Amino acid sequence: ARLGDSDRLEIGEWVMAIGNPFGLDHTVTVGVLSARNRSLLGGGRFEDFLQTDASINPGNSGGPLVNLDGEVVGINTMIAGIGTGIGFAVPTSMAKPIAEQLIADGRVRRPFIGIAMQELTPEIRQSMPKGAPDRAALVSDVTTASPAAKASVKAGDLITQVDGKAVDGSRAVQRAVLAHRIG
């Protein structure tokens, strides 16, 4: 199957989940893309799921999420709970570079800058100096001897751009960093 570009998906676009839910071979369910970049578990994990109401149930996890052009745009992964009608898929924009690394190197290596971040909540914004940006990621900790420490990044710094492109929070910083290769 051809891999499609999950970054080009639009909310409301039709998608199909293919797999074997509950042992029912060759099942295709249809729905729409409800959200992109969905985070579910939190806790510092990198999550960037596609959300759909195409039925994803036990047994079709790992199957393809396909657009109407027949391109695989995601890997069916999990549901919000049996009977909810809300499913999640790993986008091809995340899966493809991982697959390429596994094929080339036999392992996945991700870039690491060595910071912990948090979102700018309304309460944190009130404590910021006048003129501080509204949209940024707040550096809450810097790992000793990390690339960020070597670049003089300090706890309390605000990250507003990565590679000259505006970021609106910690997840956007994380996505931008992970889009790079080590080095």
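The values are calculated or read from the model by the stated rules, or taken from the named source; none is laboratory data. Since we're looking at a predicted model, the values are computed, not measured. FYI the Cβ positions are ideal-geometry reconstructions off the backbone, even for glycines, and counts take in every protein chain you see. The protein model used for the area step is the full one, side chains on, heavy atoms only, and it has no ligands, DNA or RNA in it. Shrake-Rupley method; radii C 1.70, N 1.55, O 1.52, S 1.80 Å.
The figures follow:
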item	result
Residues within the range 68-109 that are open to solvent by 30 Å² or more (accessible area, probe 1.4 Å), in contact with a helix residue (DSSP H, G or I) (Cβ under 6 Å, 6 or more places away or on another chain) and outside any strand (DSSP E or B), tallied	2
Top-ranked residue of the range 128-183 - restricted to ones that are within 11 Å of ILE115 (Cα to Cα), assigned to a helix (DSSP H, G or I) and not small (Gly, Ala, Ser), ranked as most open to solvent (accessible area, probe 1.4 Å)	PRO147
Some residue of the range 46-61 being open to solvent by 30 Å² or more (accessible area, probe 1.4 Å), of a type outside the set (Val, Ile, Thr), at pLDDT 90 or above and farther than 21 Å from VAL173 by Cβ	yes
Among (1) free of Cβ contacts under 8 Å to residues at least 40 places away in the same chain; (2) within 30 Å of GLU71 (Cβ to Cβ); (3) open to solvent by less than 60 Å² (accessible area, probe 1.4 Å) - the single one THR121 does not satisfy	(2)
Where GLY31 falls short, out of the listed (1) closer than 30 Å to GLU119 by Cα; (2) assigned to a strand (DSSP E or B); (3) small (Gly, Ala, Ser)	(1)
The range 5-24, subset in contact with a Gly (Cβ under 9 Å, 6 or more places away or on another chain) and part of a loop (DSSP other than H, G, I, E, B), residue least open to solvent (accessible area, probe 1.4 Å)	LEU9
